[in-house]
């Protein structure tokens with residue numbers, strides 16, 4: 001499988017300056033991170049606040065440039081100015097606050113914004129918009145105002161908005177942080193569909209463990225470094241280590257872990273309620 | 001408090017006027033405004049009123065929506081009417097103490113009030129029948145020639161679009177901040193101008209901070225979606241003139257000619 005994202009020894013410093021522009025302090029947000037993601041993968045990047053996961057995500061979209069190291073998206077170096085637009089089209093980004101990333105006043109106009117910027121001819125824009133809205137199951141809302149939608153629906157419109165740019169990879173930076181539980185489910189469901197049906201690479205940045213159990217691979221970040229990596233089952237087997245990184249494991253995993261400690265014979269890394277019930281009965 | 005604020009007052013219905021190109025409607029409105037300023041006798045006003053009523057009928061927007069738009073200028077109309085009524089010099093028909101009404105006063109007062117009413121109703125036909133988006137698109141394309149003198153027409157239109165999109169969001173946020181500050185004891189009902197102005201500070205500061213934060217986020221989201229100004233951009237809903245726009249132009253030209261011939265006392 002081809003590599004869509006290749007990060008080599010990425011290092012990024014936030015430089016704080018005082019009013020005269022003198023350097024006051026340097027915070028290393030991402031520290032010597034290397035990873036590769038193949039086309040079609042569903043990758044989750046976990047970490048608590050300030051672990052550098054969002055900073056890492058912004059590198060994939062050429063919003064931030066590496067201080068040291070290189071980031072290749074679809075084989076193109078993000079730090080080269082000529083590549084910016086190709087990189088941004090190949091790896092589109094969905095942000096946290098749905099209100100602050102919807103530009104159009106009608107759902108379909110917002111979804112058309114990306115293709116308009118790319119200079120796609122008018123009839124093709126309509127095709128893309130229709131396809132993107134259908135993919136996230138929002139087609140029936142196409143002529144509504146975004147202000148009338150729920151948080152989960154707005155976030156699905158945002159996903160359709162990047163989908164219409166026909167990216168190979170979608171980076172989602174905590175897309176569910178501002179949503180209620182049902183909105184979360186809607187969004188995660190939509191993401192999984194895209195990954196499975198359209199074979200789009202998904203990079204999900206989150207601090208919610210429940211959302212990562214369907215991922216092919218999880219990277220756990222702490223203080224700018226990759227602290228753990230593996231499949232969800234491998235990661236969630238190490239409950240103690242996750243706790244030390246200030247992350248909460250999913251409820252079912254936690255329960256299984258406590259039961260096992262108390263002497264109930266259970267395998268490591270149980271992820272869902274159903275699995276737990278299956279093993280217990 | 002902010003619920004009744006209608007900026008995008010679009011009335012969603014299908015009518016021949018709704019289907020017109022935004023640019024035709026804009027030019028038509030300008031022609032109408034010019035005609036209202038041009039006519040100076042009652043035949044002219046009758047023509048203008050008849051035209052307005054016909055346009056309203058064609059647009060199928062209920063008249064009560066038009067009248068609603070007048071509310072904001074009722075005070076202005078009353079003032080303009082009264083000033084003209086009492087201050088215009090001429091042949092006195094009625095007087096009491098220092099007030100006197102003249103024949104010329106009545107004449108100008110009626111014309112002034114009519115003129116204001118026609119202006120507001122005439123331009124509200126445009127805003128009621130055009131979505132804000134197509135209106136900004138129309139303005140962008142009409143003012144495109146200004147690019148030559150380095151006026152960033154596309155950018156201004158984009159700013160208008162974004163402003164329209166964020167008005168309801170910021171209104172909601174303002175409501176929230178107000179409630180939060182009221183819970184902490186800020187008195188927004190305070191009497192007196194200075195006190196009232198002071199009570200606005202705890203409202204405006206957080207609102208501005210949040211607006212800047214939103215602007216920052218939005219700029220990032222727009223860049224992430226490859227926005228790079230108007231160059232090389234295509235349109236999802238391009239504006240196109242149809243045969244009905246030509247008809248509308250002809251009708252407006254005919255109307256203007258009528259106003260010039262009968263409304264300016266050329267034949268008298």
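The values are calculated or read from the model by the stated rules, or taken from the named source; none is laboratory data. On a predicted model such as this, the values are computed, not experimentally measured, just so you know. Cβ sites come from the backbone with ideal geometry, for glycine too, and all protein chains shown count toward neighbours.
At a glance:
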{"item": "Filtered residues of segment A:87-123 (kept if farther than 18 Å from residue A:168 by Cβ, outside any loop (DSSP other than H, G, I, E, B), more than 7 Å from every other protein chain (Cβ to nearest Cβ) and in contact with a helix residue (DSSP H, G or I) (Cβ under 7 Å, 6 or more places away or on another chain))", "result": "A:98, A:107, A:108, A:110, A:111"}
{"item": "Any hit, segment B:183-199, residues being in contact with a helix residue (DSSP H, G or I) (Cβ under 8 Å, 6 or more places away or on another chain), assigned to a helix (DSSP H, G or I) and over 30 Å from residue A:90 (Cα atoms)", "result": "no"}
{"item": "Evaluation of residue B:267 against (1) at pLDDT 90 or above; (2) away from chain A (no Cβ under 14 Å) (one fails), failing number", "result": "(1)"}
{"item": "Looking only at segment B:234-260, and only at residues there that are more than 21 Å from residue B:36 (Cα to Cα) and touching a residue at least 24 places away in the same chain (Cβ under 8 Å), the one that is farthest from the other protein chains (Cβ to nearest Cβ)", "result": "B:244"}
{"item": "Those strands (runs of 3 or more DSSP E) lying entirely in segment A:177-281 with at least 1 residues in contact with a helix residue (DSSP H, G or I) (Cβ under 9 Å, 6 or more places away or on another chain) and more than 25 Å from residue A:163 (Cα to Cα)", "result": "A:217-222, A:225-230"}
{"item": "Filtered residues of segment B:83-114 (kept if in contact with a helix residue (DSSP H, G or I) (Cβ under 6 Å, 6 or more places away or on another chain) and part of a helix (DSSP H, G or I))", "result": "B:84, B:85, B:105, B:108, B:109, B:112, B:113, B:114"}
{"item": "Checklist (1) in contact (Cβ under 8 Å) with a residue 24 or more places away in the chain; (2) more than 30 Å from residue B:15 (Cα to Cα) applied to residue B:61, failing item", "result": "(2)"}
{"item": "Residue within segment B:210-225 that is part of a loop (DSSP other than H, G, I, E, B) and either in contact (Cβ under 8 Å) with a residue 40 or more places away in the chain or within 14 Å of chain A (Cβ to nearest Cβ) (or both) present", "result": "yes"}
{"item": "Boolean, residue A:137 is in contact with a helix residue (DSSP H, G or I) (Cβ under 9 Å, 6 or more places away or on another chain), part of a loop (DSSP other than H, G, I, E, B) and surrounded by fewer than 23 Cβ atoms within 10 Å (Cβ to Cβ)", "result": "yes"}
{"item": "Failed item in (1) more than 26 Å from residue B:248 (Cβ to Cβ); (2) within 25 Å of the chain's Cα centre (by Cα), with residue B:88 passing the rest", "result": "(2)"}
{"item": "Test: residue in segment A:147-158 that is surrounded by 24 or more Cβ atoms within 10 Å (Cβ to Cβ), within 12 Å of chain B (Cβ to nearest Cβ) and under 20 Å from residue A:62 (Cα atoms)", "result": "yes"}
{"item": "Criterion (at negative phi and buried (at least 18 other Cβ atoms within 10 Å of the Cβ)) met by exactly one of A:109, A:80, A:86", "result": "A:109"}
{"item": "Hey, residue B:69 modelled with pLDDT under 85 and closer than 30 Å to residue B:244 by Cα or not", "result": "yes"}
